Structures are given as C-alpha cells and as structure tokens.
Amino acid sequence: MANRDTMHNSNSSIQQANVSNHQHDEAPKRDALIGTANVACESLPTKKLLTGILLALLGAALFSIKPILIKIAYQYGGDTTSIMSLRAFSSLPFYLVVFVFLCRDKERRKKVRSHGLNAAALGVLGYYGASYLDIEALSYISAQLERLLLFLFPSFVVLISWLWLKQKPSANVLKSVMIGYAGITLIVVHDVTSLGSDVWRGSALAVSSALAFACYLVLSKPVISQLGSTAFTSIGMGSAGLAILVHLQWSDTDVTQWSIELVSLGLALGVVCTVIPSYLMAGAMARLTATEFSLTANVGPVITAIAAVTVLGESFTIFHALGMLLVIISVYWMTKPKSE
C-alpha cells in the first residue's frame, strides 16, 4: 500500500514536473505571440495613416492639375462652354451609375423624393455656376492665382456663417482671413503690373466662383445630413450636368469643331481631375483626422505652382512664393480643430 502511494506520488511529481517544463517551454512562445500581436496592433494605425495620407496627396495632386489642363484646352481652341461640357459629359455617367445603385433601396428613394429637389438646386449652384465662373476666370489669370483664389473659399464660409447664420468667428479666425487676403493681394498686384488689367476681371470671376462654392457648402450641410454624402453628390452632379447640357444647347458652340486634343483634355478633366480625386479624397477623409487631412490638402497650391511653371511656363516670383505661403497658413489656421 505504501509502495503504491509512493509510486503514485512519484508519478504525480513527474507529471507536475513535465507540466511545469511544458509551461516553461511554452512561455517564450506565448510571449513572442503576444509581442507579435502588439506590434501588429500598433502597426494598424500607422498603415491606416499612411494610406490616408497617400490617398489625400494623390487626390490633391489630381485636383490641382485641373487649371493646367484647362489652360491647355484654351490653347486647342476650347472656350468656357466646350470645356465645361466635355468635363460634364465624361464625369456624369459615373455619378449617375452610383445614384441608380443607391436608389435600389426603398428608404433611400423616399429621402430622394423629399430632399432631391434641394440637392439638385444646390448642385446647379456648386457644380454648374461655380465651375463656369472658375473656367471663365482661367482665360484671364494664371493657373497659380486661380488656385489660390479658390483655395480661400473657407474664408467665405466663415464670413457667410457670420453674416447669415450669426455664427461669430473667433479673433484668431478673423486674423487668419486677413492673412490669406494679404497673400492674395501680393500676387494680384504683381500680376496686374505684369499681365495687365484683365487680371482684375479674372480675379473677380475666381472670387465669385469661390463665393458660390462657399454658399453651396453652407447650404448643403442640412441636405447632406438627410440624403447622405454619396446620394447628395450624385444628384448634384446629375442636375449640374443637365444644366450644362441646356447651356450648351443655347450657346453658339459648334460641337463639330472640337478637336481630338480638346476632347481628350475634356475627358481627362472629367475622369482624372473630377471623378477619381473625389473618391480618393473621400477615402482619405475616412482615414485621417481633420488636421491631417487639412495639412495634406494644403499641398494643392504648391502642386499647381510647380505644374504651371514647368508645363505652362508661368513665372514664379518672390511675390508668388510669399503670397502662397500666407494663403496656406491662413487656410490651415481656419480649418484646424479648436482643441489644438
């Protein structure tokens, strides 16, 4: 009996020792797995951030070459109506396909019936009115000045919200607005001296475009909250496309005179500089904070300046450099979160 107890105790000791040794052997493996998991978890935000930055930079770059292509289109015999029409023809089908896909949902169709007319009206303002003024402006001013003038639209949003919605901006925001306007003034005065009085007309058109787009942004917020951003954009682009078709029909533009080069540029404007960057920017906004997105989007005027100098042969002086810097600083201060 004693021997059996002794043997049982001995076997138990051996089993415990084996378990202990097994646990001891497994400990490094377990620690390694935990460490790997921690590294993987830590790398996820980094991968998400890098992907977001890449999408935002690529989207900003494609948006920023739009004025370059428009200026080239003018050289191939294009005018405001033909360029705007070609851009709409090439981009409109993509947005209509998305809209039809979204309308398969019954609840979505109800929302469209309730708020679709408002979205259509805003689309005509933001995608037809503002676009027409912008393209027309580029027949008078440089691509660099046009991009910076449009880049100031957040300041118009601030002023509209103050005057109309009674949302008084902070002193820092008002200072940012003044800094941005000072930067624009430097470039406008320089370009008027060098290029003539047409710069005033082109600048007025570009400012009007930025103002129209700012009104569109302020008015669109409640409609977007009802429809969703994708449906709202699809309806807006569709209604703007119809307005452009009506404009083309009433104009004296001869479609048969459009050259292959002009049509190709129009297709590039619609797909490469409109559809693709709109989705890239949406993907970036889903991955980045407001500050991160603002910082990457701020490279737009720099990309336009580089392309304008290298492709179009535009001049880039100390006035352009200083003005661009002031505008970028202004927009960053206006758009960064208050918590910072």
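The values are calculated or read from the model by the stated rules, or taken from the named source; none is laboratory data. Keep in mind it's a predicted model, so treat the numbers as computed, not measured. Reconstructed Cβ throughout: ideal geometry from the backbone, glycine too, with neighbour counts over all protein chains shown. For accessibility, only protein heavy atoms count, side chains too; no ligands or nucleic acids. Shrake-Rupley method; radii C 1.70, N 1.55, O 1.52, S 1.80 Å.
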HN-Hα couplings for the range 270-275 via Karplus (6.51, -1.76, 1.60; θ = phi - 60°), in whole Hz with x for Gly/Pro, come out as x, 8, 6, 9, 10, 5
Return the whole-Å distance between the Cα centroid of the range 46-85 and the Cα centroid of the range 103-163. 16
Could you tell me the extents of the range 138-264's C-alpha atoms along the three principal axes, largest first, rounded to whole Å? 55, 49, 23
Would you mind computing, in nm to one decimal, how far apart the modelled labels at E107 and T193 are, each placed 7 Å from Cα along Cα→Cβ? 6.1
Which entries in the list K168/K221; K48/K110; K111/K168; K110/K166 go over 25 Å, if you measure between the two C-alpha atoms of each? K48/K110; K111/K168; K110/K166
How big is D for the range 85-211, in µm² s⁻¹ as a whole number, if Stokes-Einstein is applied with the Kirkwood radius of its Cα pairs at 25 °C and 0.890 mPa s? 143
Solvent accessible area, Å² - S114, 1.4 Å probe, full protein context: 80
Given a Förster radius of 51 Å and the C-beta distance between S170 and E261 as r, what FRET efficiency does 1/(1 + (r/R0)^6) yield to the nearest 0.05? 0.55
Which FRET efficiency value, to the nearest 0.05, do you get for L245 and S225 by plugging their Cβ-Cβ distance into 1/(1 + (r/R0)^6) with R0 = 30 Å? 0.55
Neighbour net charge for T274 - beta-carbon separation under 10 angstrom, K R +1, D E -1: +2
